[in-house]
Amino acid sequence: MSSIINDLEQTAFVTDEQELLSLERKYCSWGDTVHYLDPPKIFERAEGNYLYDRQGIPYLDLQMWYSAASFGYGNQRLNNALKNQIDKLPQLACQYLHPEKIELAATIARLNESKFGLEGRVHFNVGGAQAIEDSLKIVRNSTGKNLVFAFMGGYHGRTLGASAITSSYRYRRRYGHFSDRAHFVPFPYCFRCPYGKKREDCGLYCVDQFAKNFETEYNSFWDAKAAESEFSAFYVEPIQATGGYVIPPPEYFPALKKVLDERKILLVDDEIQMGFYRAGKFWAIENFGVEPDIIVFGKALTNGLNPLSGLWAREDLISPQVFPPGSTHSTFSANPLGTAVGLEAVRMMEEKNYEKITAQKGAYFLAQIRDLQRRYPKVIGDTDGLGMALRIEICQEDGYEPDRELTDRIFTEGIQGDLDARGRRMGLVLDIGGYYKNVFTLAPCFDMTEEEIDISVELLEQLIRRCAPDRI
Ligand SMILES: Cc1ncc(COP(=O)(O)O)c(C=O)c1O
């Protein structure tokens, strides 16, 4: 007994990086995503746009915790909200009320009322996937159906329910039969159109193909006599996040929504990664002028300080008459630390003009990466952006075939921490997404300066020159 305690005490004081890594290899589950990188990386400190490793080397972060820390690491205003709440009401069983929960729900519901002209309510949970689970319950409860549509390339989380509506089979394999697996529909990924069309003259062929499902009962989706679809909802990410920050053409969602309305199918808008101004608007769906029935959110609501997530649903889907007490519950949902930070974050979003900030900085950044694409056409096949959600698609010399290997090399080199940032040693934190794992999905901090954007692009260029010397 005493020797175990001694061992554990020693463990607590381990400082050597190699020793830490060997403990991790032995005692941490590898079932998360840490071992996507080998060896995994340890960071010790974070501030603003930067992560710092144990040697104090700064890494400029272009992904900000998959867009959860959009307002900067260590954002003082949000940190203070958390600290104040710790001193005031740090813990409270979620069965009881505290003011911040009510105010946060009211703020989001009123914002949605003004944006979409729809009344609704907010329900909190912990983590994005759990909020997706809650939304599935609301859909099933209000429609009595459990089949939904979702997009190929979509990602909604890795709980069992969320995996069933996430397109990658990789996340379902080994976990049995998913009887409620979504029907997956091609996303308008125009650079690689699933139908081989060109955007200039496709006439939104993809929407027509979707609409055709309902033309006759023999297509299996629609009972014309009952005027009813077997499918209750369509789960969408307005901009596909893990799928590679793929931005649909502006006309796509209005056309899709028309089909859904005709068939009485709900639109569930997953804003977990793109919400809270990542794509230039409070909700990314606002870029496309359609009204969702349910919105699911998480990540940046608390700037990553607390895993608070939630959903907003139209009143008729979530009113106490249809979604009564006890319909869903989690011990930590609506916890006071999360709601206090979330409330302060939303107040900050209302006070600062993030629509303008993300539009200006995003445009500046996009112009720079477009220039990079022009100068390295044998490496970068496509670039795009909306707000501060930007994509760089790494391709083979022909500018089209995905180059996953080069993407991995660039990513791994960035994390070595030996780039030259105008005389200062630095690393670059990137994240890889995309159908072929060849897209850098950039979600930079909203406070980034133009000089930092310039430096980011210089570091990207160094990485390209280092990793693909034969293609420059
Ligand atoms: C669009 C989207 N939905 C859902 C999720 C799942 O959220 P979480 O990882 O908090 O469970 C994510 C996470 O990356 C996401 O990007």
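The values are calculated or read from the model by the stated rules, or taken from the named source; none is laboratory data. Quantities reported herein were computed from a predicted structural model and do not represent experimental measurements. Cβ placement follows ideal geometry from the backbone for every residue including glycine, while neighbour counts extend to all protein chains displayed. Heavy atoms of the whole protein, side chains included, go into the accessibility calculation; ligands, DNA and RNA do not. Shrake-Rupley method; radii C 1.70, N 1.55, O 1.52, S 1.80 Å.
See the values below:
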{"read-out": "Residues located in the stretch 185-229, provided they are among the aromatic types (F, W, Y) and open to solvent by less than 60 Å² (accessible area, probe 1.4 Å)", "value": "F187, Y189, F191, F210, F214, F221, W222"}
{"read-out": "Selection count, the stretch 158-180, where residues are more than 16 Å from the ligand (Cβ to nearest atom) and under 20 Å from K437 (Cα atoms)", "value": "2"}
{"read-out": "Check on V268, under 29 Å from A363 (Cα atoms), among the β-branched types (V, I, T) and in contact with a strand residue (DSSP E or B) (Cβ under 6 Å, 6 or more places away or on another chain)", "value": "yes"}
{"read-out": "Residue in the stretch 278-288 that is over 27 Å from C445 (Cα atoms) and either within 14 Å of the ligand (Cβ to nearest atom) or surrounded by 19 or more Cβ atoms within 10 Å (Cβ to Cβ) (or both) present", "value": "no"}
{"read-out": "Single condition S309 does not satisfy, out of (1) free of Cβ contacts under 8 Å to residues at least 40 places away in the same chain; (2) assigned to a strand (DSSP E or B)", "value": "(1)"}
{"read-out": "Residues satisfying the stated conditions in the stretch 414-425, i.e. surrounded by fewer than 20 Cβ atoms within 10 Å (Cβ to Cβ) and not polar (S, T, N, Q)", "value": "I415, G417, D418, D420, A421, R422, G423, R424, R425"}
{"read-out": "S232, sole failed condition from (1) open to solvent by 10 Å² or more (accessible area, probe 1.4 Å); (2) more than 16 Å from the ligand (Cβ to nearest atom); (3) not aliphatic (A, V, I, L, M)", "value": "(1)"}
{"read-out": "Residue check, E251 under 24 Å from A389 (Cβ atoms), surrounded by fewer than 20 Cβ atoms within 10 Å (Cβ to Cβ) and touching a residue at least 12 places away in the same chain (Cβ under 8 Å)", "value": "yes"}
{"read-out": "Candidates L301, L317 - the one that is among the aliphatic types (A, V, I, L, M), assigned to a helix (DSSP H, G or I) and more than 20 Å from the chain's Cα centre (by Cα)", "value": "L317"}
{"read-out": "Residue satisfying all of: in the stretch 433-457; surrounded by fewer than 20 Cβ atoms within 10 Å (Cβ to Cβ) and within 20 Å of the chain's Cα centre (by Cα); farthest from N75 (Cα to Cα) among these", "value": "Y436"}
{"read-out": "Complete set of residues in the stretch 289-304 that are surrounded by fewer than 24 Cβ atoms within 10 Å (Cβ to Cβ) and within 15 Å of the ligand (Cβ to nearest atom)", "value": "G304"}
{"read-out": "When residues of the stretch 12-54 are limited to those that are within 30 Å of R170 (Cα to Cα) and acidic (D, E), the one surrounded by the fewest Cβ atoms within 10 Å (Cβ to Cβ)", "value": "D38"}
{"read-out": "Residue list for the stretch 146-157, restricted to those being surrounded by fewer than 20 Cβ atoms within 10 Å (Cβ to Cβ) and within 19 Å of the chain's Cα centre (by Cα)", "value": "M152"}
{"read-out": "Some residue of the stretch 58-73 being open to solvent by 50 Å² or more (accessible area, probe 1.4 Å) and more than 16 Å from the ligand (Cβ to nearest atom)", "value": "no"}
{"read-out": "Failed condition for D382, given (1) in contact with a Gly (Cβ under 7 Å, 6 or more places away or on another chain); (2) surrounded by 17 or more Cβ atoms within 10 Å (Cβ to Cβ); (3) charged (D, E, K, R)", "value": "(1)"}
{"read-out": "Of residues in the stretch 115-145 being more than 16 Å from the ligand (Cβ to nearest atom) and within 9 Å of L311 (Cα to Cα), the one surrounded by the fewest Cβ atoms within 10 Å (Cβ to Cβ)", "value": "R121"}
{"read-out": "Any chance N112 is among the polar types (S, T, N, Q) and within 16 Å of the ligand (Cβ to nearest atom)", "value": "no"}
{"read-out": "Residue in the stretch 313-320 that is modelled with pLDDT of 95 or more, touching a Gly at 6+ places or on another chain (Cβ under 6 Å) and open to solvent by less than 10 Å² (accessible area, probe 1.4 Å) present", "value": "yes"}
